[in-house]
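Structure, as structure tokens:
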Number of protein chains: 2
Amino acid sequence: MNKIIAIQGARGSNHHKVACDFYGESVALKECMSFDTLVDCLLDESANLGVMALENTIAGSIIPNYALIDNHNLHIIGEEYLNIHHHLMALEGQSIQDIKEVWSHPMALLQCKQFFKKYPHIKLVEDVDTADVAKRISKENLVGIAAIAPKIAAEIFKLVVLEDDIQTIKDNSTRFVIVQTAKPAEDFDVNKASIKFQLSHKRGSLAAILNAMSDCKMNLTKIQSLPVIDTPWKYSFFVDVTFDDYKEYQKAYSLVEIMAEEFKVLGVYKNGRK
Amino acid sequence: MNKIIAIQGARGSNHHKVACDFYGESVALKECMSFDTLVDCLLDESANLGVMALENTIAGSIIPNYALIDNHNLHIIGEEYLNIHHHLMALEGQSIQDIKEVWSHPMALLQCKQFFKKYPHIKLVEDVDTADVAKRISKENLVGIAAIAPKIAAEIFKLVVLEDDIQTIKDNSTRFVIVQTAKPAEDFDVNKASIKFQLSHKRGSLAAILNAMSDCKMNLTKIQSLPVIDTPWKYSFFVDVTFDDYKEYQKAYSLVEIMAEEFKVLGVYKNGRK
């Protein structure tokens, strides 16, 4: 049976590209207009796997998505880093001066806000998806509206690219993860783990845990503290590590399990960074 | 001479409240419709101080604001934690069913998105400010449009609150900082510092620094790694610590300066957490 992949956004979006990279062009897609809907699809089993953006170079971690994965006990089974290119596109026969509104995903608007400083006549409107706006412009023949979307969306929906690469930071890498509800079978061909734990506000407690992980040859690639809501002076830590030897990871796991509170593995998978 | 305080947003916003808490109700305000504009006002000296939101319980750190402070070498001289309450407000004589669009700041929309799931007929539109929308609804008599703003905005602009406290997480604390361009004179009556440094991807390097800070009795209240753009495997760390003894802080400063690269103090100030 073919697996159904839930993606945030529509066909032609970056999430779609990640789904194709992992599972091939002919993948069965479920287009979701929000990350909440995507998680709902996994929970009600109308999709088997989900693709979620988790962080990017400009805005940092997408904390609400960490919360979705954490609260619903999803498992990360893979990751991919994608260099994001935003292109401004609209119906044929218009120049950028003819554009009155740009509709796009809040993250895309944020990443291109520098570009639009030159065009104060353009109103930026938050929308649920990048590619879906391209689709609507095409289907509903929307004059004066532009989308910010990947180039593939212009091809699919026959729009004209008014300006290439309008993102402020040209090297804008976004990290996507593949998630599922079931705990995957243990796999030894992995070299990265995402874990979460809590610590009381005791001096040196984080350093002690990082020392233990370092002794087990774990390489830290990400760390982020978040105050635990409603519990003053208690912090959650989201930590990613890479490693060469799965046995060392198991050792680190056992140590952190003893040293930290509320220890949880969000996923063990293959490092997506080349 | 009275100081001019640049705030993100308009009179009636949470940034306005923080300015009043620090400098009194009669403070001279400069309303800025973006954080970039706010920083421009500090750089061209049309304002002396700025109030910036830096992180909140729900979305985590506002990374672009960290980048503004870092890139323009601003100095943090104070902080305040505010419990944010979002209220839905509109012109008199309307029910929530009459509302077609809600205009607000992306962060406010994000924090209330659960509430609007019950009202799929309402379109959420990104706007530059919470309080400024309330002002425009009032001045331009905008029927069918609602604002998400602090209660004080409903009072100032004579709007009716349709629903109180619509944010998903009721205990939503936001951290604001006061920034300026000039380096402040050394002050010993401080107990919190925000620092930034870089580390190469060498196993144990972060643990070593945290150990050194812990030895100097620094309490970590925040840590966040960000990959350094265009430099693979290099990471920036933003770290906040609290301390009791300024001498111990100076010792920690000297140690981290030796151990880390690109070490920088973003500010030393009074802890805003009671």
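The values are calculated or read from the model by the stated rules, or taken from the named source; none is laboratory data. In this text the structure is predicted, and so the values were computed from the model without any measurement. Glycine also receives a Cβ, built like all others from the backbone with ideal geometry; neighbour counts cover every protein chain displayed. Surface accessibility is based on the protein's heavy atoms, side chains included, excluding ligands, DNA and RNA. Shrake-Rupley method; radii C 1.70, N 1.55, O 1.52, S 1.80 Å.
How many residues, within segment B:190-202, are within 23 Å of the chain's Cα centre (by Cα) and either among the hydrophobic types (A, V, I, L, M, F, W, C) or open to solvent by 40 Å² or more (accessible area, probe 1.4 Å) (or both)?
Here the count works out to 5.
Out of segment A:35-63, which residues are under 12 Å from the mean Cα position of the chain (by Cα) and over 25 Å from residue A:170 (Cα atoms)?
A:35, A:50
For segment A:194-229, what are the residues that are touching a residue at least 60 places away in the same chain (Cβ under 8 Å) and in contact with a Leu (Cβ under 8 Å, 6 or more places away or on another chain)?
Matches in segment A:194-229: A:194, A:195, A:196, A:199.
Yes/no per residue for (1) buried (at least 19 other Cβ atoms within 10 Å of the Cβ); (2) more than 14 Å from chain B (Cβ to nearest Cβ); (3) more than 25 Å from residue A:78 (Cβ to Cβ); (4) of a type outside the set (Phe, Trp, Tyr):
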{"site": "A:164", "(1), (2), (3), (4)": "no, yes, yes, yes"}
{"site": "A:169", "(1), (2), (3), (4)": "no, no, yes, yes"}
{"site": "A:177", "(1), (2), (3), (4)": "yes, yes, no, yes"}
{"site": "A:186", "(1), (2), (3), (4)": "no, yes, no, yes"}
{"site": "A:204", "(1), (2), (3), (4)": "no, no, yes, yes"}
{"site": "A:207", "(1), (2), (3), (4)": "yes, no, yes, yes"}
{"site": "A:214", "(1), (2), (3), (4)": "yes, no, yes, yes"}
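Working only within segment A:98-110, note down all residues that are in contact (Cβ under 8 Å) with a residue 24 or more places away in the chain and of a type outside the set (Asp, Glu). Show your work before the answer.
Here is the first cut: in segment A:98-110, the residues in contact (Cβ under 8 Å) with a residue 24 or more places away in the chain are A:98-105, A:107-110.
A:99, A:100, A:102, A:103, A:104, A:105, A:107, A:108, A:109, A:110 - these are the residues of segment A:98-110 that are in contact (Cβ under 8 Å) with a residue 24 or more places away in the chain and of a type outside the set (Asp, Glu).
Could you check residue B:250 against (1) more than 14 Å from every other protein chain (Cβ to nearest Cβ); (2) open to solvent by less than 10 Å² (accessible area, probe 1.4 Å) and say which number it fails?
Condition (2) is where residue B:250 drops out.
Taking residue B:18 as the residue in question, decide whether it is part of a strand (DSSP E or B) and assigned by TED's automatic domain parsing to the domain that holds residue B:73.
No.
Take residue A:78 and decide whether it is surrounded by 19 or more Cβ atoms within 10 Å (Cβ to Cβ), within 13 Å of chain B (Cβ to nearest Cβ) and within 23 Å of residue A:223 (Cα to Cα).
For residue A:78, the condition - surrounded by 19 or more Cβ atoms within 10 Å (Cβ to Cβ), within 13 Å of chain B (Cβ to nearest Cβ) and within 23 Å of residue A:223 (Cα to Cα) - is not met.
Is it the case, given these coordinates, that residue B:270 is in contact (Cβ under 8 Å) with a residue 40 or more places away in the chain, among the basic types (Lys, Arg) and away from chain A (no Cβ under 14 Å)? Let's see the steps before the verdict.
Values: in contact (Cβ under 8 Å) with a residue 40 or more places away in the chain: yes; among the basic types (Lys, Arg): yes; away from chain A (no Cβ under 14 Å): yes.
Judged against the criteria, residue B:270 is a match.
Looking only at strands (runs of 3 or more DSSP E) that lie completely in segment B:91-181, which have at least 1 residues being of a type in the set (Gly, Ala, Ser) and in contact with a strand residue (DSSP E or B) (Cβ under 9 Å, 6 or more places away or on another chain)?
Here the list reads B:101-104, B:145-149, B:173-180.
Looking at residue A:137, is it away from chain B (no Cβ under 14 Å), surrounded by fewer than 22 Cβ atoms within 10 Å (Cβ to Cβ) and in contact with a Phe, Trp or Tyr (Cβ under 8 Å, 6 or more places away or on another chain)?
So residue A:137 does not fit the description; no.
Could you check how many residues of segment B:29-75 are within 12 Å of another protein chain (Cβ to nearest Cβ), outside any strand (DSSP E or B) and of a type in the set (Asp, Glu)?
2
Tell me which residues, restricted to segment B:253-274, are open to solvent by less than 70 Å² (accessible area, probe 1.4 Å) and under 29 Å from residue B:82 (Cα atoms).
Matches in segment B:253-274: B:264, B:265, B:266, B:267, B:268, B:269, B:271, B:272.
For the structure I just gave you, tell me whether residue B:239 is open to solvent by less than 10 Å² (accessible area, probe 1.4 Å) and assigned to a strand (DSSP E or B).
When the stated conditions are applied, residue B:239 passes them.
How about segment A:36-52: which of its residues are touching a Leu at 6+ places or on another chain (Cβ under 9 Å) and either small (Gly, Ala, Ser) or open to solvent by less than 30 Å² (accessible area, probe 1.4 Å) (or both)?
Across segment A:36-52, the qualifying residues are A:36, A:38, A:39, A:42, A:47, A:49, A:50, A:51, A:52.
Does at least one position in segment A:117-125 carry a residue that is surrounded by 14 or more Cβ atoms within 10 Å (Cβ to Cβ), within 19 Å of the chain's Cα centre (by Cα) and within 13 Å of chain B (Cβ to nearest Cβ)?
no
Would you check if residue B:220 is buried (at least 20 other Cβ atoms within 10 Å of the Cβ), at pLDDT below 90, at the interface with another protein chain (Cβ under 8 Å from one of its Cβ atoms) and part of a strand (DSSP E or B)?
So residue B:220 does not fit the description; no.
This table checks each residue for (1) of a type outside the set (A, V, I, L, M); (2) out of contact with any His (no Cβ under 9 Å at 6 or more places or on another chain); (3) surrounded by fewer than 22 Cβ atoms within 10 Å (Cβ to Cβ).
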site	(1), (2), (3)
A:15	yes, yes, no
A:28	no, yes, yes
A:67	no, yes, yes
A:98	yes, yes, yes
A:107	no, yes, yes
